[in-house]
Amino acid sequence: MGRGAFVGDICRLSLHDFMITYLLKFFAIYFACLFKFIAGPVLGLAAGFSVLETMVVTLAGMMTSVVFVTYLGKWFKRYWQVKITVKKKVFSKKNRRIVTVWRKFGVIGIAALTPVLLTPIGGTIIMTAFNVDHRKIISSMLISGIIWGLIFSLSIEYILSFPLLAQLFR
């Protein structure tokens, strides 16, 4: 075996290691985005992803949980009647705020607030509770995720472009 074969094996291993590392980063960020939207832009850019890669992983995580909870929530409401024995306060301060946002802005308001204040799961549960059509939930959350993902990714990238902050975080 000549020396060229050895160099080729090292390059293949290096590419293999690179892909494994990349995929581990991708799926770790994806998993975080299932539960909290802002984790995608923060972790994606900290991991050295481009804005486009950050957007893809953030939206993939968010939309996976939105689709899952949308269909699971509809199924859960239809086939299971959960009776809670503990009497909870129905009109808490938090519930009143949610109803106020719902009455003023509807689906768009909840979808717009989901990446900023809520989690993808929380926003989807709220929309499911208000009997919003699943296609409307998915489309409004996707549009909201694209807009907020772009805003967060570009603003974090801009902040990290300052030399002092770039040295601290990269």
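The values are calculated or read from the model by the stated rules, or taken from the named source; none is laboratory data. Because the structure is a prediction, the values reported are computed rather than measured. Ideal geometry is used to build each Cβ from the backbone, glycine not excepted, and the neighbour counts take in all protein chains shown. These area figures cover heavy atoms from the full protein model, side chains too; ligands, DNA and RNA do not enter into them. Shrake-Rupley method; radii C 1.70, N 1.55, O 1.52, S 1.80 Å.
Looking only at segment 130-141, count how many residues are closer than 25 Å to T58 by Cα and loosely packed, with under 13 Cβ neighbours inside 10 Å. Steps first, please.
In the first step, residues of segment 130-141 are kept if they are closer than 25 Å to T58 by Cα; the result is 132-141.
Retained after the next criterion (residues that are loosely packed, with under 13 Cβ neighbours inside 10 Å): 133, 135.
Here the count works out to 2.
Can you work out which of the residues in segment 145-169 that are of a type in the set (S, T, Y) and part of a helix (DSSP H, G or I) is modelled with the lowest pLDDT?
First, pick out the residues of segment 145-169 that are of a type in the set (S, T, Y): 153, 155, 158, 161.
Checking the rest, the ones that are also part of a helix (DSSP H, G or I) come to 153, 155, 158.
Working: S153: 91, S155: 91, Y158: 87.
Per the criteria, the residue is Y158.
Run N95 past the list (1) modelled with pLDDT of 80 or more; (2) of a type outside the set (K, R); (3) open to solvent by 50 Å² or more (accessible area, probe 1.4 Å); (4) assigned to a helix (DSSP H, G or I) and report the number of the one that doesn't hold.
(1)
How many residues are open to solvent by 70 Å² or more (accessible area, probe 1.4 Å) and farther than 16 Å from A39 by Cα when one looks only at segment 112-129?
The first filter runs over segment 112-129 and keeps only residues open to solvent by 70 Å² or more (accessible area, probe 1.4 Å), leaving 117, 125.
Pick out the ones that are also farther than 16 Å from A39 by Cα and you get 125.
Qualifying residue count for the region: 1.
Please give the number of the condition F49 fails out of (1) closer than 20 Å to I137 by Cα; (2) surrounded by 15 or more Cβ atoms within 10 Å (Cβ to Cβ).
Only one criterion in (1) closer than 20 Å to I137 by Cα; (2) surrounded by 15 or more Cβ atoms within 10 Å (Cβ to Cβ) is unmet by F49, namely (1).
Can you name the residue in segment 68-85 that is of a type outside the set (F, W, Y), at pLDDT below 80 and open to solvent by less than 100 Å² (accessible area, probe 1.4 Å) and is also nearest to P115 (Cα to Cα) among such residues? I'd like the intermediate steps shown before the answer.
From segment 68-85, those of a type outside the set (F, W, Y) are 69-70, 72-74, 77-78, 81-85; that's our starting set.
Checking which are at pLDDT below 80 leaves us with 73-74, 77-78, 81-85.
Subsequent filtering for residues that are open to solvent by less than 100 Å² (accessible area, probe 1.4 Å) retains 73-74, 77, 82.
Details: G73: 19, K74: 22, K77: 24, V82: 28 Å.
Only one residue fits best here, namely G73.
Does G106 satisfy the condition of being in a helix (DSSP H, G or I), open to solvent by less than 20 Å² (accessible area, probe 1.4 Å) and on the phi > 0 side of the Ramachandran plot?
yes
List every residue pair whose Cβ atoms lie under 9 Å apart, where the two residues are 6 or more positions apart in sequence or sit on different chains, the first residue falls within segment 156-170 and is open to solvent by 100 Å² or more (accessible area, probe 1.4 Å), and the second residue, located anywhere, is modelled with pLDDT under 80.
Cβ pairs passing all conditions: F169/L160; R170/L160.
Residue by residue, here is whether (1) touching a residue at least 24 places away in the same chain (Cβ under 8 Å); (2) basic (K, R); (3) assigned to a helix (DSSP H, G or I); (4) loosely packed, with under 15 Cβ neighbours inside 10 Å holds:
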position	(1), (2), (3), (4)
L23	no, no, yes, yes
A28	no, no, yes, yes
L45	yes, no, yes, no
V56	no, no, yes, no
M63	yes, no, yes, no
V66	yes, no, yes, no
